[in-house]
């Protein structure tokens with residue numbers, strides 16, 4: 001089991017497998033947040049917290065809700081809030097154990113301009 005936890009431990013996400021890759025996006029929000037995204041299907045992630053443990057931030061086109069722990073402020077994940085719901089969510093891989101993060105390949109994504117990965121894959 002791979003776990004991701006906010007600093008205070010009030011918010012915990014669990015998945016069965018470690019990410020092979022994580023995404024470093026330079027869009028206007030991701031570069032400010034400093035996150036590395038591990039992508040999963042929502043049914044692959046168990047969210048362990050009280051229902052009111054996070055504060056979502058939704059902006060602009062109202063597509064994605066970024067969730068932050070109400071206590072310590074760590075960004076834990078994002079979810080697609082469109083109807084019908086999307087088949088992908090992002091987990092902040094910086095909240096995983098260092099060994100898990102070190103084993104993942106970091107892919108650079110140009111979310112600010114081209115909308116493409118910069119590594120040619």
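Within segment 15-73, take every residue that is touching a residue at least 40 places away in the same chain (Cβ under 8 Å) and in a helix (DSSP H, G or I) and give me the one that is surrounded by the most Cβ atoms within 10 Å (Cβ to Cβ).
30
Name the single residue that is nearest to residue 41 (Cα to Cα) among those in segment 101-112 being outside any strand (DSSP E or B) and either free of Cβ contacts under 8 Å to residues at least 40 places away in the same chain or touching a strand residue (DSSP E or B) at 6+ places or on another chain (Cβ under 6 Å) (or both).
Taking segment 101-112 first, the residues outside any strand (DSSP E or B) are 101-104, 111-112.
After this cut, where a residue has to be either free of Cβ contacts under 8 Å to residues at least 40 places away in the same chain or touching a strand residue (DSSP E or B) at 6+ places or on another chain (Cβ under 6 Å) (or both) as well, the list is 102, 104, 111.
Numbers: 102: 22, 104: 18, 111: 21 Å.
My answer is 104.
Yes/no per residue for (1) within 16 Å of the chain's Cα centre (by Cα); (2) closer than 15 Å to residue 18 by Cα:
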site: 47; (1), (2): yes, no
site: 67; (1), (2): yes, no
site: 75; (1), (2): yes, no
site: 86; (1), (2): yes, no
site: 92; (1), (2): yes, yes
site: 102; (1), (2): no, yes
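Which residue, of 88, 82, is surrounded by fewer than 18 Cβ atoms within 10 Å (Cβ to Cβ) and in contact with a strand residue (DSSP E or B) (Cβ under 6 Å, 6 or more places away or on another chain)?
Result: 88 is the single residue among 88, 82 that is surrounded by fewer than 18 Cβ atoms within 10 Å (Cβ to Cβ) and in contact with a strand residue (DSSP E or B) (Cβ under 6 Å, 6 or more places away or on another chain).
We did not get these values from a lab; they are worked out from the coordinates using the rules stated. What you see is a predicted model, and the numbers here were worked out from it, not measured in a lab. Heads up, the Cβs are rebuilt from the backbone with ideal geometry, glycines too, and the neighbour counts pull from every protein chain shown.
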